[in-house]
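Asker: Pasting a structure here, questions to come.
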Amino acid sequence: MSIPATRSRENTRARLLEAAEQLFAEVGLDGASVEAVCERAGFTRGAFYSNFESKDELFLMLAGRVAETRVNAVRERVTEITAEGGLVPGCDPTDLLQKVMDSGSDDRMGVMLMSEIRIRALRDAQFGAAYLAQEREMVGSIAQIVTDIVDAGELRLRVPAEVAGRILMIVWEGMTVRGAMAGHDDAQLRRAGSEELGRLVDLLLV
């Protein structure tokens with residue numbers, strides 16, 4: 001495939017994902033049909049099915065993009081803190097966590113999207129298996145960030161980094177969901193659960 005064709009395909013996928021995200025915000029997961037997504041993006045059904053096998057694949061990819069944005073925001077903030085000299089042996093892990101969480105990318109729409117996708121995963125075993133596979137990749141990314149922080153700060157974990165990453169992810173997501181239920185705005189959601197995560201960090205470190 002030539003570079004122009006590859007770029008055209010990437011642009012098509014990006015426009016379909018953007019249209020799906022917009023429609024989800026307006027009508028939810030069930031209401032965002034393939035036809036509606038295509039109409040919003042300005043493409044035919046043929047263009048849709050040349051990029052995605054199904055609506056499920058589209059929304060799994062959209063969920064993956066939300067998760068990747070979250071993890072990348074954390075990774076970038078850790079890099080910034082390291083460059084500023086904040087990640088050194090003897091640093092306060094709870095204070096460090098607060099600095100990291102304050103830069104999060106969570107917003108209400110992302111929380112709602114992930115919640116509806118999890119409901120879909122509960123109802124469909126095949127979709128659920130695909131979602132869990134995607135989630136394992138996210139846990140792996142979080143575990144690597146945890147490992148980098150632990151190594152730089154000369155800290156010690158009570159559990160393997162992957163276990164710590166999964167626990168942190170579950171608490172992080174649980175608190176943002178509850179924050180969205182409580183009507184928190186995006187800024188409040190980005191800080192949701194930081195106190196609980198701080199307590200959890202104390203439990204996870206030796």
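Since every read-out is calculated from the coordinates, none of them should be taken as a lab result. Bear in mind that the values here come from a model prediction, so they are computed numbers and not experimental data. Cβ placement follows ideal geometry from the backbone for every residue including glycine, while neighbour counts extend to all protein chains displayed.
Asker: For SER8, SER115, what ranking results if the residue with the fewest other Cβ atoms within 10 Å of its Cβ goes first?
Answerer: Taking fewest neighbouring Cβ atoms as first place, the list is SER8, SER115.
Asker: Right, something else. Hey, what did the chain get for relative contact order, percent, Cα under 8 Å, at least 6 apart?
Answerer: 21
Asker: Please give the helix 3-31 orientation as an angle from the longest Cα principal axis of the chain, in degrees from 0 to 90, rounded to the nearest 10.
Answerer: Orientation of helix 3-31: about 80 degrees from the principal axis.
Asker: Next question. Divide, for segment 1-52, the radius of gyration over alpha carbons by 2.2 N^0.38 Å, where N is the residue count.
Answerer: 1.16
Asker: Could you work out the mean projected area of the convex hull around the alpha carbons of the chain, in square nanometres to one decimal?
Answerer: 13.2
Asker: Something else about it: Give me a comma-separated list of calculated 3J(HN,Hα) values for segment 108-121, in order, Karplus coefficients 6.51, -1.76, 1.60 applied at θ = phi - 60°, integers in Hz, x for any Gly or Pro.
Answerer: Those phi angles translate into 4, 5, x, 5, 5, 4, 5, 5, 5, 5, 5, 4, 4, 5 Hz.
Asker: Same structure again: Starting from the Cα of ALA73, step 7 Å toward the Cβ, then list every residue of segment 176-204 with an amide N under 18 Å from that point.
Answerer: 176-198
Asker: Here's another thing I want to ask about it. Relative to the longest principal axis of the chain, what angle (0 to 90°, nearest 10) does the C-alpha long axis of helix 55-83 take?
Answerer: 30
Asker: A follow-up question, please. How far, in nm, would the chain grow between VAL34 and ARG65 when pulled straight, counting 0.36 nm per residue and subtracting the alpha carbon separation?
Answerer: Net length gain for the segment: 9.3 nm.
Asker: A follow-up question, please. Among the trypsin sites (Lys or Arg not before Pro) within segment 113-178, which fall in a DSSP loop and have no more than 16 other Cβ atoms within 10 Å of their own Cβ?
Answerer: ARG156, ARG158
Asker: Given the Cα-Cα distance of MET112 and ARG9 and 0.36 nm per residue of separation, how much length would full extension add, in nm?
Answerer: Contour length minus the Cα-Cα distance gives 34.3 nm.
Asker: Same structure, new question: Given Cβ point charges of +1 (Lys, Arg) and -1 (Asp, Glu) and nothing else, what value in debye, to the nearest 20, does the dipole of segment 52-206 about its Cα centre take?
Answerer: I would put it at about 400 debye.
Asker: Right, next: If you take the charge dipole of the chain about its Cα centre, with +1 on Lys and Arg Cβ and -1 on Asp and Glu Cβ, which of MET114, LEU60, LEU87 is farthest toward its positive end?
Answerer: Highest projection toward the positive end goes to LEU60.
Asker: For THR94 and VAL27, compute 0.36 nm times the residue count separating them, minus their Cα-Cα distance, and round to one decimal in nm.
Answerer: 20.2 nm
Asker: Do any GluC sites (Glu not before Pro) in segment 101-206 lie in a DSSP loop with no more than 13 other beta carbon atoms within 10 Å, and if so, which?
Answerer: GLU154
Asker: Where does helix 125-152 land angle-wise versus the long Cα axis of the chain, in degrees 0 to 90, nearest 10?
Answerer: 30
Asker: Something else: Taking R0 as 30 Å, what's the FRET efficiency between GLU195 and GLU137 from their Cβ-Cβ distance, rounded to 0.05?
Answerer: Once the sixth-power term is evaluated, E becomes 0.60.
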